[in-house]
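Please treat every number below as a calculation from the coordinates, not as lab data. Here the structure is a predicted model, which means the values were calculated and not measured. With ideal geometry, Cβ positions are generated from the backbone for all residues, glycine too; neighbour counts draw on all protein chains shown.
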Amino acid sequence: MAILSAQTRLDGLERLGSATEPLDVLVIGGGITGAGAALDAASRGLRVALVDRGDLASGTSRWSSKLVHGGLRYLAQGDLRIARESAVERHHLMTTIAPHLIRPLRQIVPDVGPRRPISLIRMGFRAGDVLRRTARTSPQLLAPPMQMAALEVLGHCPTVRRDGLRGGVANTDGQLVDDARLVVGVARTAAAYGATICTYTRATAVDGRGATLTDLRSGERLEVAARAVINATGVWAPQVDPNLALQPSRGTHLVFDAATFGHPTGALTVPVDGSLSRFVFALPAQLGRVYVGLTDVAENGPIVDAPQPDDTEIDFLLDAINVGLARPVTRADVLGTFAGLRPLIDVGGRPGEDGALADLSRKHQVQITDGTLISAVGGKLTTYRRLAQDAVDTAVRAAGLTAGRCVTTSIPLVGAVGAEQSDVLLAQYPSLVARFGAEAQAVLDAAEVVDPGQPLAPGIDVLRAEVEFALTHEGALDADDILDRRTRLGLVVADAERARPAVEQIVAEVARR
């Protein structure tokens, strides 16, 4: 079953500790790449376990722009392979794997100022649409680029700069309701195929034959043998395999109340001054928020789970988005910030003084050390499935495993298919359906807490039943897991503090059962 809980975690650790035969594959890292590798391996019939020293999606995977994009930026940079791969993987995600978590999003570039830049952007959008057609994504799912009149631009982005506004050009891409929910969905689907998922479990003394695991909740240690080990720890990968060379890049976002941007229905997209391939976006998001991002600067400090943006990044994002706004936003409007570290492959170049990491590859890489220690690094959220496939393919070859072929392009995640949601449920709980898809009714039906259909607090668009489901089905162990990763209320401190009393009460109630 696609259930993760405190009990399934303990059961998994017990199985690992008492096993008499090696695992086929041990995956270290519970982000999107590790979860993807666990699902790929388990769906091929391999015995697989995934461990992470923290919660699922506790690192980089929860700090993205929440976009499932078709590689337009990489096309502009002339990297056709990555651009095409992005479009193909976007197609799989939006049509089969996670259509319940992704919606089409219009990205709108206002037509103001000189004519030449908007003409070049229009040409780029048309070139990007070739990728959509190549991936066989229907125009009904992702509408082709279009010219917009000024009133249409204002209808989607009400706070856009009006003086000199002639209209705009629009492209369509995919947007996740939440990146951490995608990770949890992949991990739960892997569990349904037989993968053992153990969070808060540190792996040390890692080599191609296994690792020493420590249950960080109990302190218990166990030795786990495996025929192949996949290092999917992202920016922490060199700590597992020192032969790797990465240059982390920090990407920062600002969080605003959606009302500050007039409750937009499209993503206001503003070219960064002096560039036709870099943009700053104001992205409408769940929970009544807008995310403005994003930066791309070298991270030379400690590698931490929750990186902090610096003042220069915040000022850059404010200045860049204000170019497209009728009324400038200020620091006083910012409700929160978040930043993530991209695990970029260091190919010997160094970032320029402007902070652009142009010499570092966005490609992914699979490297073998010690015979069967497989490190999967680089890549992007959109292309996680392909990186996971390549990593498992490599593990199968290196360890001589007997495995079926990769089938993850045809596996829907839990919640992607099932009974159609009733019109009443859609009308009453639209955000619940957006976050859980076909499981939305099951979230309510499984609830034992009092008032399961009530919000955690006034103005908080998360139901009490969702907290219980996070604990009983999604592997959350405590309030922080729920606030920071299952619901994302932690992106705004004030939201998290208002919701925390109800969350902690439900956590305690479930623990007593």
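Extending 7 Å from Cα along the Cβ direction at GLN147 and again at ARG103 yields two label points whose distance is 2.9 nm. Report for the chain the percent antiparallel among DSSP-assigned beta bridges with both residues inside it, nearest 5. Approximately 75 percent, going by the DSSP bridge assignments. Under 5 Å between amide hydrogens, built in the peptide plane, is the criterion, and for THR337 it picks out VAL255 among residues at least 5 positions away or on other chains. From the Kirkwood radius over Cα pairs of the chain, Stokes-Einstein at 10 °C and 1.306 mPa s returns a whole-number translational diffusion coefficient of 68 µm²/s.
Ranked by how many other Cβ atoms sit within 10 Å of their own Cβ, fewest first, the residues ARG136, ARG73, ARG397, ARG512 fall in the order ARG512, ARG136, ARG397, ARG73.
Were the residues from ALA511 through THR134 laid out at 0.36 nm apart, the gain over their Cα-Cα distance would be 130.7 nm. Span-like helix criteria (full DSSP H runs; alpha carbon extent of at least 15 Å along the helix axis; mean Kyte-Doolittle hydropathy of at least -0.5) are satisfied in the chain by 32-43, 115-134, 179-192, 311-322, 384-399, 493-512.
Sequence-distant contacts, meaning Cα pairs under 8 Å at least 6 residues apart, place the relative contact order of the chain at 21 percent. With no solvent and one point per C-alpha, what does the Debye sum give as log10 I(q)/I(0) for the range 16-95 at q = 0.15, 0.18, 0.21 Å⁻¹? Treating every Cα as an identical point scatterer, log10 I(q)/I(0) equals -0.72, -0.90, -1.03.
Neighbour counting of Cβ atoms within 10 Å sorts the residues VAL424, VAL467, fewest neighbours leading, into VAL424, VAL467.
In this simple spin-label approximation, ASN300 and GLU504 carry label points 7 Å from Cα along the Cα→Cβ vector, and these lie 4.1 nm apart. Volume of the convex hull of the range 218-306 (Cα atoms only), normalised per residue: 215 Å³.
Put in line by how crowded their Cβ is, counting other Cβ atoms within 10 Å and starting with the fewest, VAL177, VAL323, VAL377 read VAL323, VAL177, VAL377. Note on ASP315 and SER410: the extension gain reaches 29.9 nm, defined as 0.36 nm multiplied by sequence separation minus the Cα-Cα distance. Report the residues of the range 401-429 in range of a label on GLU21: point 7 Å along Cα→C-beta, backbone N strictly under 16 Å from it. Hits in the range 401-429 for GLU21 at 16 Å: 401-404.
Here the range 423-512 yields Rg over Rh of 0.93, to two decimals, using C-alpha coordinates and the Kirkwood radius. Taken about its Cα centre, the range 1-157 carries a charge dipole of roughly 760 debye when the Cβ of each Lys and Arg holds +1 and the Cβ of each Asp and Glu holds -1.
Here the Karplus relation 6.51 cos²θ - 1.76 cosθ + 1.60, evaluated at θ = phi - 60°, turns the backbone of the range 250-261 into coupling constants of 9, x, 10, 10, 10, 10, 10, 5, 4, 4, 4, 10 Hz, with x for every Gly and Pro. Ranking GLN505, LEU432, GLY459 by how far each Cα lies toward the positive end of the dipole of the range 423-512 (charges on Cβ) leaves GLY459 at the top. Only DSSP H runs of four or more residues enter the estimate; each adds -39500 (n - 2.57), and after division by the residues of the chain the mean residue ellipticity at 222 nm equals -9500 deg cm²/dmol.
Normalised radius of gyration (Cα atoms, divided by 2.2 N^0.38 Å) for the range 57-209: 1.30.
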